[in-house]
Amino acid sequence: MKVFLTGATGYIGGSVATKLLDAGHEVIGLARSDDAAAALKKRGIEPLAGELNLYTPFIEVTKRVDAVINAANSDNPFVAHALLTGLAGSGKTLIQVSGSSVISTYDNGEASENVFHEETPFTPAPEKAMRVAIDQSIMAAAQKGVRTIVIRPTLIYGRGIGVNAASVQVPKLIDAARKAGVPRHVGRGLNIWSHVHISDVAALFLPALEKAPAGSLFYIENGEANFKTVTGAIGRMLGLGDRTEDWPIGAAVEGLGPGAHLSFGSNSRVRADKARKVLGWQPKGGTLLDEIEKGVYAELHGRK
């Protein structure tokens, strides 16, 4: 199978690309710079020069491939529109990488008992409304001759196996703890996120390509933890002890950026029963806390 992949130099997309190549598939990857193109060629990926908002290259590449995976930007409607236009009526596959932050709310570090499955209704926060609309338009395109699939990973951790090996959320908390000399969490840190190892995320795309039903949605998780527990593990890894510190949301936004509300202060709890049942997905990656204290984060960010 020949697959076009946006985000091929990124953390998720790069790991997916490696899995596809290992399985014997051909991969064309979007390259937004000469350096990106060189990095892709080095890994045996054919680079396609272009930017995310260019229309014609996306239309043209859909004619050359059997499937498309959009792992570059979950919030970009122009990419989704171009890909759906190019694929319309073809019966080919389009997989959209979204994320479980769509169900997050402004919880300021307090816990929630709400747990979501694919069929659970919700109203997204304003800044996630576009992503949900994109997901819905992609799933609806199954009625227009495109085999569409939306995948919503949770907090992803671990070492990537592509061009970019670094995750996003956990290193931000590590950097903040190192600068402050104490691990911090938004509010009381009792908010809970489901999470999943990057190797398990990448592994799911192979069965999704092979047998996911058209118009389907899958959450991906293999456990959950509250942020007080996560920052506690960060503190031990950095040699700062077990103490953690509450971080008022205003200060957290200054330290972590405006996304702190939903990336670090919210709850995002889902279950991946459907992925296990329908796709036969069997996650095997190490736990989040082990990766922090003994794994890749200890190796890259541990005490000097």
Mean ellipticity per residue at 222 nm, deg cm²/dmol - from DSSP H runs of n ≥ 4 across the chain, formula -39500 (n - 2.57): -11500 deg cm²/dmol
Cα-based equivalent ellipsoid of the chain: semi-axis lengths in Å, sorted from largest, via gyration tensor: 33, 21, 17
Sorted by Cβ density within 10 Å, fewest first, the residues THR62, THR123, THR148: THR123, THR62, THR148
Kirkwood hydrodynamic radius over Cα pairs of region 72-228, then Stokes diffusion coefficient at 25 °C and 0.890 mPa s, in µm²/s: 143
Computed magnitude of the charge dipole of the chain (debye, nearest 20; Cβ of K, R +1, Cβ of D, E -1): 460
Residue order, fewest to most surrounding Cβ atoms within 10 angstrom, among VAL68, VAL168: VAL168, VAL68
Proxy reagent accessibility, fewest Cβ within 10 Å first, across SER33, SER15: SER33, SER15
Proximal aspartates and glutamates relative to LYS92, as straight alpha-carbon distance under 15 Å, when same-chain residues fewer than 8 apart are discounted: GLU60, ASP66, GLU210
Region 34-117, Rg to Rh (Cα coordinates; Rh as Kirkwood inverse mean 1/r): 1.11
Globularity ratio of region 148-304, using Cα Rg and 2.2 N^0.38 Å: 1.08
Centroid-to-centroid separation of region 256-304 and region 21-48 [C-alpha atoms, Å]: 27
Scattering profile of region 203-286 at q = 0.24 Å⁻¹ [log10 I(q)/I(0), Debye over alpha-carbon scatterers]: -1.12
Long-range lysine pairs (8 or more apart or interchain), region 205-304, Cα under 25 Å: 9
Dipole of the chain [Lys/Arg +1, Asp/Glu -1 at C-beta], most positive-end residue of THR154, ALA88, ASN114: ALA88
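Rule-based calculations on the coordinates, nothing more; no lab input. Keep in mind that this is a model prediction, so the values were computed, not measured. Cβ sites come from the backbone with ideal geometry, for glycine too, and all protein chains shown count toward neighbours.
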